[in-house]
1. Tell me, please, whether a residue that is without any contact (Cβ under 8 Å) to a residue 40 or more places away in the chain and either assigned to a loop (DSSP other than H, G, I, E, B) or β-branched (V, I, T) (or both) can be found in segment 141-153.
2. Tally time: how many residues in segment 13-68 are farther than 30 Å from L153 by Cβ and part of a loop (DSSP other than H, G, I, E, B)?
3. On the given criteria, is R83 modelled with pLDDT under 90, more than 29 Å from S156 (Cβ to Cβ) and over 17 Å from the mean Cα position of the chain (by Cα)?
4. Write out, first by first residue and then by second, each pair whose Cβ atoms fall under 9 Å of each other, whose residues are 6+ apart or on separate chains, and whose first residue, in segment 181-204, is touching a residue at least 12 places away in the same chain (Cβ under 8 Å) while the second is of a type in the set (A, V, I, L, M, F, W, C) and surrounded by fewer than 17 Cβ atoms within 10 Å (Cβ to Cβ).
5. Write out, first by first residue and then by second, each pair whose Cβ atoms fall under 7 Å of each other, whose residues are 6+ apart or on separate chains, and whose first residue, in segment 103-120, is under 22 Å from L165 (Cα atoms) and buried (at least 20 other Cβ atoms within 10 Å of the Cβ) while the second is modelled with pLDDT under 95 and charged (D, E, K, R).
6. Please identify the pairs in which a residue from segment 72-99 that is closer than 23 Å to L30 by Cα and β-branched (V, I, T) has its Cβ atom under 6 Å from the Cβ atom of a residue that is surrounded by 14 or more Cβ atoms within 10 Å (Cβ to Cβ) and at pLDDT 90 or above, counting only partners at least 6 apart or on another chain.
7. Do you know which of the residues in segment 145-161 that are modelled with pLDDT of 90 or more and surrounded by 14 or more Cβ atoms within 10 Å (Cβ to Cβ) is farthest from E39 (Cα to Cα)?
8. In the set E136, E157, E88, which member is over 20 Å from K201 (Cβ atoms), in a helix (DSSP H, G or I) and more than 17 Å from the chain's Cα centre (by Cα)?
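The values are calculated or read from the model by the stated rules, or taken from the named source; none is laboratory data. No experiment lies behind these values; they were computed from the predicted model shown. A quick note on method: Cβ atoms are made from the backbone with ideal geometry, for glycine too, and the neighbour counts reach across all protein chains shown.
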Amino acid sequence: MAIMTPEGVAATAAAPSSVASEVRAGLLKLHEKIDRFFEQVLARHRSRMRCAPGCVACCKHMPSVFPVEAWIIAHELRHDPDRVRLLERLLAPARQADEASPCPLLERGRCAVYALRPVICRSHGAPVKVPGRPLERFDVCPLNFDEQGARKLVTSEDVLDLERLNEILAVIDGMSRQAFPEGAALDLRMPLAKGVLYFLKTGF
């Protein structure tokens, strides 16, 4: 799956423009490419895949995300008072929650920030490469593919390399820390609720 490379992201970041704008552009471009990849997988296996609005099987746990992934949610919605109030209402009870908690951004069975959801959420449903193993070794959602049948149906062009995506995300996140308040002090990853509330508070 050719999305982009960490080197390519870093080269883009070297352009003489604001760090925040470069970070935003890089992250949204990554989102678009993952979504396009997923749509292609869905088109090839539509009769088997159950991914559709209303399915929350992948939302049982709050994701741990790179800070930049929490930032983009707060940043994009910061000028919409109604959305900000919704986020604060949904996230405040989960401020101290950990990854074992359900995702607090589910609102009546739908994701309240679907268009801005983190990369890990965008990967759910697609066959995912197992880190450190050949491309032929991948995990699947049991609602979409049974383990034995997947080996016959899924090809390499259907498999998402999540480890590679995380490498790219780490580069974008590293760029973002030049602009974030206390960026260098932020954890490498953080619970989604804690991260979004942090960036809503800082107003960045």
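1. yes
2. Total meeting the criteria: 7.
3. no
4. P181/F204; L188/A170; A193/A92; L197/A92; L200/V84; F204/A20; F204/A179
5. If the second residue must be modelled with pLDDT under 95 and charged (D, E, K, R), the pairs left are L116/E76.
6. I72/L27; I72/L116; I73/V113; I73/L116; I73/V196
7. Here the answer is D161.
8. E157
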